[in-house]
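Participant: Got a structure here, written out as structure tokens. Questions coming.
The values are calculated or read from the model by the stated rules, or taken from the named source; none is laboratory data. Here the structure is a predicted model, which means the values were calculated and not measured. Counting neighbours? That spans all protein chains shown, and the Cβs are built from the backbone with ideal geometry, glycine included. Surface accessibility is based on the protein's heavy atoms, side chains included, excluding ligands, DNA and RNA. Shrake-Rupley method; radii C 1.70, N 1.55, O 1.52, S 1.80 Å.
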Amino acid sequence: MAVATYKMYIDGKWGSSNSGETYTRVNPANYNQVLGRFQQGNKEDVNKAVDAAEDAFEKWRNVPPPKRGEILLRVAQLLKEHKEELARTMTREMGKVLMETRGDVQEAIDTCELMAGEGRRLFGRTTTSELRDKFAMTVRLPLGVVACITPWNFPIAIPAWKITAALICGNTVVFKPSSDTPICATKFIEILEKAGVPKGVVNMVTGPGGTVGTHLVKHKKVRAVSFTGHKDTGAQILKDAGIGKKIGLEMGSKNPIIIMDDADLELALDGVVWGAFGTCGQRCTAASRVIVHKKVKEKFQRMLIERAKKLRMGDGLHPKTDVGPLVNKAAQEKVAKYIELGKNEGAKLSYGGKVPKLKGWFVEPTIFTGASPDMKIFQDEIFGPVTSLTEARNLDHAIELANAVEYGLSSSIYTSNIQNAMKAIKYLEYGLTYVNSSTIGSEVHLPFGGTKASGSGHKEVGWTGIEFFTDEKTVYIDYSGKLQRAQIDIE
Ligand code: UN1
């Protein structure tokens with residue numbers, strides 16, 4: 001079968017990169033299947049895209065927000081109409097199972113609907129003044145040209161999080177998708193175009209992070225960067241961006257599930273299996289650590305291994321598959337390396353750990369027991385189907401273990417005791433805490449983001465997505481007709 005060549009999207013036109021070069025991407029479940037040829041973007045492409053976005057800004061910011069919202073509702077409608085086809089494309093492109101890729105598209109639909117409604121909110125505040133005949137309020141203004149740099153693990157949902165929030169606020173966008181998922185990115189842009197997003201308002205440049213991403217981040221005309229991906233890239237973005245830009249970073253984590261002795265163990269088991277092995281462990285919210293109360297540790301460990309044995313690994317398009325492949329060869333090698341490391345540093349490999357000889361980048365669901373804070377498998381984000389169990393003496397110890405990593409995105413506690421739950425909510429240093437539910441599965445109308453090395457302090461989606469993509473300008477209107485000095489002319 002002929003391999004299709006995909007284009008970039010700049011100023012409302014589909015075209016080739018200035019570089020004249022393309023790259024290919026294969027199906028991670030079957031690396032003999034080439035999916036397409038994609039544009040290897042370069043600096044000139046980024047410049048053109050930023051210029052187009054800058055030109056489109058004045059007109060777009062003046063489109064009334066509810067009108068912008070109408071376009072986003074059409075995007076939602078088109079995503080609904082194409083949900084199944086998009087989900088299948090996504091499974092072929094990045095490997096996660098169909099149930100999850102359908103969920104990914106659904107998350108994008110939810111986001112479009114939420115952000116469309118924001119077009120009739122975009123609230124500022126009004127408040128009092130310390131002076132007479134003076135009015136004080138805030139209004140939300142767009143930032144200008146914003147860069148959205150997205151990962152491959154949620155190849156439609158995360159671009160939708162960022163791009164729709166940026167658009168409803170009146171910004172124009174340069175979108176740099178992960179090089180592993182250019183087809184999903186292209187399909188999403190096609191839908192935006194079809195829904196009526198005007199030319200120049202959203203532009204897409206594909207290509208390597210080192211050139212396209214870096215140049216975009218450094219670009220003087222870019223007012224904000226919203227990035228999801230690896231913490232090292234996030235740290236580099238902070239260095240490269242310079243001053244004058246708002247930087248939103250969503251990075252990795254090492255998310256714990258705490259299981260107390262009073263927990264419903266069957267419920268906790270469902271949560272651990274879903275959190276650790278769903279998306280093949282490739283979520284920044286994945287449950288990569290399980291911290292179990294000593295009284296139930298042996299029992300829970302047995303239950304988990306029994307359940308893991310039932311997981312079926314394979315092509316995500318197959319309806320019976322539970323765990324798909326990793327995204328690419330480098331990911332497979334990284335996970336395999338960590339499994340070796342875990343054994344060498346003294347954790348017990350209690351289940352899985354093998355790299356099967358298949359024509360895809362698979363690694364077996366893997367469970368380590370006896371992991372401790374001095375080990376890399378306890379500390380580092382592995383981003384694969386690997387979880388580790390650690391025993392805790394009591395809740396305080398469990399929370400201490402949970403917090404003993406540099407990250408802080410998602411956390412969970414299984415307990416039937418409200419005091420335990422409330423204490424965990426208070427002391428877990430994580431952006432998200434789930435009670436009696438897994439670490440994955442955030443909803444789009446609530447803030448998403450982490451503390452510590454997981455984020456830069458800005459959260460996305462929900463009302464926080466709107467906060468990020470606007471400047472909340474403070475406005476004072478003095479109608480007293482005389483000079484009134486704050487802090488001085490007070491009665
Ligand atoms: C990510 O892995 O980058 O809560 C985001 C969740 C999803 C988002 C994950 N809604 O697991």
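Participant: Using 7 Å Cα-to-Cβ label points, what is the TRP463/ILE305 separation (nm, one decimal)?
Facilitator: Simple spin-label model gives 4.9 nm for this pair.
Participant: Just the number, please: carbon plus sulfur as a percent of the accessible area of the stretch 291-342, 1.4 Å probe, no ligands or DNA/RNA counted.
Facilitator: About 53 percent, which is the carbon plus sulfur part of the accessible surface.
Participant: Can you give the FRET efficiency to the nearest 0.05 for LYS348 and LEU141, using r as the Cβ-Cβ distance and R₀ = 41 Å?
Facilitator: Efficiency, from the Cβ-Cβ distance: 0.15.
Participant: Still on this structure: Can you work out ³J(HN,Hα) from phi for every residue in the stretch 436-442, in order, using Karplus 6.51 cos²θ - 1.76 cosθ + 1.60 and θ = phi - 60°, giving whole Hz and x for Gly and Pro?
Facilitator: Rounded to whole hertz, the list is 6, 7, 6, 7, 10, x, 5.
Participant: In vacuo Debye scattering of the stretch 115-175, one point per C-alpha: log10 I(q)/I(0) at q = 0.18, 0.19, 0.22 Å⁻¹?
Facilitator: Debye curve over Cα of the stretch 115-175, log10 I(q)/I(0) at q = 0.18, 0.19, 0.22 Å⁻¹: -0.72, -0.76, -0.89.
Participant: Return the long-range amide H neighbours of ALA392 (sequence gap of 5 or more, or a different chain), with a cut-off of under 5 Å between placed amide H atoms.
Facilitator: The answer is VAL292, HIS293, LYS294.
Participant: Taking a quarter of the surface of the Cα convex hull of the stretch 48-157, what do you get in nm²?
Facilitator: Directional mean of the projected Cα hull area for the stretch 48-157 stands at 9.9 nm².
Participant: Can you give the accessible area of GLU429, probe radius 1.4 Å, in Å² rounded to 10?
Facilitator: 90
Participant: So how much accessible area does ASP55 have, in Å² to the nearest 10, using a 1.4 Å probe?
Facilitator: Ignoring ligands and nucleic acids, ASP55 comes out at about 120 Å².
Participant: Compute the acute angle (0 to 90°) between the alpha-carbon long axis of helix 43-61 and the principal axis of greatest extent of the alpha-carbon atoms of the chain; round to the nearest 10°.
Facilitator: With rounding to tens, the tilt is 60 degrees.
Participant: Summing -39500 (n - 2.57) over the DSSP H runs of n ≥ 4 in the chain and dividing by its residue number, what mean residue ellipticity at 222 nm do you reach, to the nearest 500 deg cm²/dmol? Write out the running numbers ahead of the final one.
Facilitator: Values: 15 runs with 186 residues, N = 491.
Using -39500 (n - 2.57) per qualifying helix, the result is -12000 deg cm²/dmol.
Participant: For the chain, find the longest principal axis of its Cα atoms and tell me its angle to the long axis of helix 98-118, 0 to 90°, nearest 10.
Facilitator: So the helix axis and the longest Cα principal axis differ by about 20 degrees.
Participant: Give me the 1.4 Å probe accessible area per residue for the stretch 120-243, excluding ligands and nucleic acids, in Å².
Facilitator: 36
Participant: Take the Cα atoms of the stretch 383-457, find their three principal axes, and give me the spread along each one in whole Å, biggest first.
Facilitator: Per principal axis, max minus min of the Cα coordinates gives 32, 25, 24 Å.
Participant: If we sort 190-202, 73-85 on the protection proxy, mean other Cβ atoms within 10 Å, highest first, what's the order?
Facilitator: Numbers: 190-202: 19.8, 73-85: 17.4.
The most tightly packed comes first, giving 190-202, 73-85.
Participant: Quickly work out the ALA2-to-GLN33 label distance, labels modelled 7 Å from Cα along the C-beta direction, and quote it in nm with one decimal.
Facilitator: Reported label-point gap for GLN33 and ALA2 is 2.1 nm.
Participant: If you don't mind, another one. Give the calculated FRET efficiency between LEU358 and MET99 to the nearest 0.05, with a Förster radius of 25 Å applied to their Cβ-Cβ distance.
Facilitator: After rounding to 0.05, the efficiency reads 0.75.
Participant: Could the peptides 174-182, 474-482, 396-404 be put in order, highest first, of the mean number of other beta-carbon atoms found within 10 Å of their residues?
Facilitator: Going by the mean number of other Cβ atoms within 10 Å, highest first, we get 174-182, 396-404, 474-482.
Participant: So what's the stretch 255-435 giving for Rg/Rh, alpha carbon basis, Kirkwood Rh from the mean inverse pair distance? All intermediate terms of the calculation are to be shown ahead of the outcome.
Facilitator: Numbers: Rg = 15.4 Å, Rh = 16.2 Å.
Reported Rg/Rh (Cα atoms, Kirkwood Rh): 0.96.
Participant: How high is the relative contact order of the stretch 1-125, in percent, counting Cα pairs under 8 Å that sit 6 or more residues apart?
Facilitator: Normalised by residue count, the contact order of the stretch 1-125 is 23 percent.
Participant: Shifting gears a bit: Using only the Cα atoms of the chain, construct the convex hull and provide its projected area averaged over every direction, in square nanometres to one decimal.
Facilitator: 25.7
Participant: How long are the semi-axes of the equivalent ellipsoid of the stretch 331-412, defined as square roots of 5 times the Cα gyration tensor eigenvalues? Whole Å, largest first.
Facilitator: Here the semi-axes work out to 25, 13, 11 Å.
Participant: Taking only protein heavy atoms and a 1.4 Å probe, what accessible area per residue, in Å², does the stretch 255-435 have with all protein chains in place?
Facilitator: On the way: 7430 Å² over 181 residues.
Ligands and nucleic acids excluded, the result is 41 Å² per residue.
Participant: Measure up LYS187/LYS337; LYS423/LYS459; LYS162/LYS334; LYS194/LYS246 against 25 Å on the Cα-Cα distance and list the ones that go over.
Facilitator: Working: LYS187/LYS337 34 Å; LYS423/LYS459 23 Å; LYS162/LYS334 28 Å; LYS194/LYS246 30 Å.
Pairs exceeding 25 Å: LYS187/LYS337; LYS162/LYS334; LYS194/LYS246.
Participant: Among bridges DSSP assigns within the chain, what percent are antiparallel (round to 5)?
Facilitator: 40
Participant: Sort the following peptides by mean Cβ neighbour count (other Cβ atoms within 10 Å, averaged over residues), highest first: 19-26, 89-96.
Facilitator: Answer by packing, highest mean first, reads 89-96, 19-26.
Participant: Could you tell me the calculated FRET efficiency between ASN417 and LYS239, based on Cβ-Cβ distance and R0 = 60 angstrom, to the nearest 0.05?
Facilitator: 0.85
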